[in-house]
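Remarks on the structure that follows.
Every number in this text was worked out from the coordinates using simple rules, so none of it is lab data. Since the model is a prediction, treat every value here as computed from it, not as a measurement. Cβ: placed from backbone, ideal geometry, glycine included. Neighbour counts: every protein chain shown.
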Amino acid sequence: MKYHFADDFWWGSATSAPQSEGASARDGKSRNIFDYWHETAPERFHHQVGPSEASTFYDNFRDDILLLKTLGHNTFRTSISWSRLIPDGDGEVNPKAVAFYNALIDSLLAQGITPFINLYHFDMPLCMQQKGGWESRAVVEAYARYAKTCFTLFGDRVTHWFTFNEPIVPVEAGYLNDLHYPCVVDFKRAVVVAYHSVLAHAKAVSHFRALGNEGTIGIILNLSPTYPRSTRQEDLLAANYADLLLNKSFLDPVTKGRYPQELVDLLKANGLQPQTKPEDAQLIADGVVDILGVNYYQPRRVKAKEGFRTTDRVTMPEDLFSYYEMPGRKINPHRGWEIYEKGLYDILMDLKENYGNIPCYISENGMGVEGEEAFIGASGRVEDDYRIDFIRDHLKWLHQALAEGSQCKGYHLWTFIDCWSWLNAYKNRYGLVRLDRENQRRTLKKSGYWFAETARQNGFD
Ligand code: BGP
């Protein structure tokens, strides 16, 4: 076989509680910011459905896990919903949530599928957001207690933990770009949110280690290589700034235990530095992860902002860099995102060369397709050859990175069953399994069969 992977390579897919569970107001769960936002601002979503219409995993998880087995998975990532487990964010544990997550974990293990459990996937409990969300240190403490509760309740069986999924997204989308609730546009507040997320992560890691549970703890970051438009000094500098703000702002503290000095200096020079406490530096130093999850969809193509001088005062990241569309780039015609498979290799090589070759795995990669019904064949199956090509071409670059010494231990596709998404609901379908929203019927796509076969034989030709 031309592309063969190690016998213990992790083959699986990823989802999140808010995007799959549904039952968003049942069995004691309180609202998170997405439940609330979809109820109160439906016009922002062109009246699309909200997370209450997710794919009913809460009720169907047992059957869905059998499907995971059919798909050749030996691992599967989902998240625990903070607002389900601790409805008031910081108090009593909800016994119905404990029963649900116990049953979910046990059902996965019974099928020989190792659960990868993430603690936070953009879904701040509304009551915690009302206390300031990640801008508040009290919320950092509440999150740390929630994390400790999860390790205590489920740590006898869960051995692969992750503190956050893509913590830069709530920073960018929620505090810079007016895309996610609370729709703030303020660089200084965004920096506080990012800093407190790192502290929350580090506190969770400390709890995990203090409990002495078996297993590993990591974080999942969306690492997008930042490629400059040209070799002009200004463009190189712009790409470096984008890398600092969007990748290294989390990657460095969670893998090296400290912020890059260049970032600290940049924030300081512009009066953007967050308030710190003397004990923070040690906390962050102790929060270094055992393993990194890497989400990769597309690179960032960066150029210098017109007329920007390095002496100018920065009030928003756009002052430092902007994006451009690279002529001739390969595009996903069904969604518009760039496809650049080698980006995956570049990330893995960067981790190898500049981050001590930290153990990692690809925790998300996938192809969203709008209007996928058009690809349903005569047999009723989605004939998604484009997705098979997408996965295979990324896996080839992953394989190359392994040949060059990367410690990448697995690959999770986004996602298992077509799922609800934050801003687009069901517009872009990503699944190995098609969801018919009329009757909740699940049907394997062609890519599902291909993935199962690839996982079973640990590779492909
Ligand atoms: C990642 C998120 C996922 C998922 C995915 C696809 O950033 O971790 O939650 O949604 O992107 O993006 P989208 O759903 O916006 O197409």
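Just going by the charge dipole of segment 3-460, with Lys and Arg at +1 and Asp and Glu at -1 on Cβ, which of Val171, Phe45, Gly405 is farthest out on the positive end?
Checked the options; the winner is Gly405.
Which one, Ser322, Tyr386, Tyr195, projects farthest toward the positive side of the charge dipole computed for the chain from Cβ point charges (K/R +1, D/E -1)?
The Cα lying farthest towards the positive end belongs to Tyr195.
What ranking do Tyr58, Tyr324, Tyr241, Tyr449 get, fewest neighbouring Cβ atoms within 10 angstrom at the top?
With the sparsest Cβ surroundings first, the list reads Tyr324, Tyr449, Tyr58, Tyr241.
Under a Cβ-only charge scheme (Lys and Arg +1, Asp and Glu -1), can you give me the dipole magnitude of segment 356-420 about the Cα centre, in debye to the nearest 20? Before the final figure, lay out each step's value.
Working: 5 positive and 11 negative charges, 83 e Å.
Dipole size: approximately 400 debye.
Principal axis extents for the chain, Cα atoms only, whole Å, descending order, please.
Answer, in whole Å and largest first: 62, 54, 46 Å.
Treating the beta-carbon of each Lys and Arg as +1 and of each Asp and Glu as -1, no other charges, what is the dipole magnitude of the chain about its Cα centre, to the nearest 20 debye?
On the way: 51 positive and 59 negative charges, 30 e Å.
Rounded to the nearest 20 debye, it is 140 debye.
Longer than 28 Å from Cα to Cα, which of Lys203/Lys427; Lys248/Lys305; Lys131/Lys277; Lys248/Lys268 are they? Say none if no pair is.
Working: Lys203/Lys427 37 Å; Lys248/Lys305 21 Å; Lys131/Lys277 20 Å; Lys248/Lys268 17 Å.
Over 28 Å Cα-Cα: Lys203/Lys427.
Indicate the helices, whole DSSP H runs only, in the chain that combine a mean Kyte-Doolittle hydropathy of -1.0 or more with a Cα extent along their long axis of 20 angstrom or more.
Those that pass (Cα extent of 20 Å or more, hydropathy at least -1.0) are 95-110, 137-154, 187-211, 385-403.
Test of understanding: ordering Ser107, Ser224 by Cβ neighbours within 10 Å, fewest first, what list do you get? Numbers along the way, then the final one.
Values: Ser107 18, Ser224 22.
If I rank by nearby Cβ atoms, fewest first, I get Ser107, Ser224.
List Phe154, Phe162 from most exposed to least, where exposure is judged by having the fewest other Cβ atoms within 10 Å.
On the way: Phe154 20, Phe162 25.
Lowest to highest Cβ neighbour count: Phe154, Phe162.
Evaluate E = 1/(1 + (r/R0)^6) for Asp319 and Arg456, where r is the Cβ-Cβ distance and R0 equals 41 Å; express this FRET efficiency to the nearest 0.05. Please list the in-between numbers first.
On the way: r = 51 Å, r/R0 = 1.24.
It comes out at approximately 0.20.
Could you give the length gained by full extension between Glu39 and Ala138, i.e. 0.36 nm per residue of separation minus their alpha carbon distance, to one decimal place? Please list the in-between numbers first.
Details: separation 99, 0.36 × 99 = 35.64 nm, distance 2.65 nm.
Length gained between Glu39 and Ala138: 33.0 nm.
Please give the FRET efficiency for Ala374 paired with Glu92, using the beta carbon to beta carbon distance and R0 = 56 Å, rounded to the nearest 0.05. It would help to have the intermediate numbers written out before the result.
Values: r = 49 Å, r/R0 = 0.87.
Here the calculated transfer efficiency is 0.70.
List the residues of segment 263-301 whose backbone N lies under 16 Å from a point placed 7 Å from the Cα of Lys427 along the Cα-to-Cβ direction.
Backbone N within reach: none found.
Show that you can apply the helix-only estimate: for the chain, add -39,500 (n - 2.57) for every DSSP H stretch of four or more residues, divide by all residues, and state [θ] at 222 nm to the nearest 500.
Working: 16 runs with 180 residues, N = 461.
About -12000 deg cm²/dmol.
Return the FRET efficiency for the residue pair Arg26, Ala269: r is the Cβ-Cβ distance, R0 is 51 Å, and the value is rounded to the nearest 0.05.
On the way: r = 50 Å, r/R0 = 0.98.
The value I calculate is 0.55.
Using a simple charge model, +1 on the beta-carbon of Lys and Arg, -1 on the beta-carbon of Asp and Glu, nothing else, what dipole does segment 73-166 show about its Cα centre, in debye to the nearest 20? Each step should come with its number before you reach the end.
Working: 8 positive and 9 negative charges, 21 e Å.
Result for segment 73-166 is approximately 100 debye, rounded to the nearest 20.
Contact order normalised by length for the chain, with contacts defined as Cα pairs under 8 Å and 6 or more residues apart; what percent is it? Mind dumping the intermediate values first?
Working: 895 pairs, mean separation 84.4, N = 461.
Across the chain, relative contact order equals 18 percent.
If each residue of separation counts as 0.36 nm, what is the full-extension length gain between Arg381 and Asn354 once their alpha-carbon separation is subtracted?
Computed gain between Arg381 and Asn354 is 5.3 nm.
Among DSSP beta bridges lying fully in the chain, give the percent that are antiparallel, nearest 5. Each step should come with its number before you reach the end.
Values: 14 of 48 bridges.
Approximately 30 percent, going by the DSSP bridge assignments.
Which one of Thr149, Ile291, Gln129 is farthest out on the positive end of the charge dipole of the chain, using unit charges on Cβ (Lys, Arg +1; Asp, Glu -1) and the Cα centre as origin?
Final value for the positive-end residue is Ile291.
So, in nm, how far is label Thr231 from label Arg437 when the simple model puts each one 7 Å beyond its Cα toward the Cβ?
4.9
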